[in-house]
Amino acid sequence: MVPLFTVYAAEYALQSGAWTAIGFPVDDVEARDKFYEYSNWMYQCGVFLSRSSGTIFEASLPLLWLMPLLQLINLVLFYIIATTHFWYDMTLLIPCFYTGLLGGAVYVNGY
């Protein structure tokens, strides 16, 4: 249960916090809304793919505990990106997809 709680708490903080503050340009509300929509689509695609691969890939117990740690690293990375803007273009959708992959993998392997 700890990996599931950790990964979903990090995802909630990402989606309701860091991703809402990112947009190109950041001071444009419409741009922030657009990034938020696309980031959540990419996240959902990652979740779908990883949950669909549960019969193909089975995570070991150490990997199951590593994935929430990687999700927390994603949270820190997106927080830094949202505050410093050091990586600020649509290629940020790639780590959004990765966030979904981790979340779905923990879900499908945690039960």
*For region 61-108, max minus min Cα coordinate along each principal axis, in Å, sorted largest first?*
35, 16, 11
*Per DSSP H run of n ≥ 4, the term is -39500 (n - 2.57); total these for the chain, divide by its residue number, and report the mean residue ellipticity at 222 nm rounded to 500 deg cm²/dmol.*
-25000 deg cm²/dmol
_Taking the Kirkwood radius as the inverse of the mean 1/r across Cα pairs, report the Rg/Rh of region 1-53._
1.08
_Contour minus Cα-Cα distance for TYR38 and PHE5 (0.36 nm per residue)_ = 9.4 nm
*Could you check which residue among SER60, SER52, SER39 shows the biggest mean-square fluctuation in a GNM of the chain with a 10 Å Cα cutoff?*
SER60
*Expressed as a whole number of Å, what is the distance separating the alpha-carbon centroids of region 75-89 and region 1-64?*
15 Å
*Enumerate the calculated ³J(HN,Hα) couplings along region 13-21 in order (Karplus 6.51 cos²θ - 1.76 cosθ + 1.60, θ = phi - 60°), each rounded to whole Hz, writing x wherever the residue is Gly or Pro.*
5, 4, 6, 8, x, 4, 5, 6, 9
*Determine the relative contact order of the chain: mean sequence separation of Cα pairs under 8 Å and six or more apart, normalised by residue count, in whole percent.*
45 percent
_Quick check on packing: order 91-99, 78-86 by the mean number of other C-beta atoms within 10 Å, highest mean leading._
91-99, 78-86
*Dipole of the chain (Lys/Arg Cβ +1, Asp/Glu Cβ -1, origin at the Cα centre): which of PHE78, MET42, ALA9 lies farthest to the positive side?*
ALA9
*Under the Kirkwood approximation for Rh and a Cα-based Rg, what ratio Rg/Rh is obtained for the chain?*
1.00
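No lab work stands behind these numbers, since they all come straight from the coordinates. Quick caveat: nothing in here was measured; it's all calculated off a predicted structure. Positions of Cβ are generated from backbone atoms using ideal geometry, with glycine treated the same way; all protein chains shown enter the neighbour counts.
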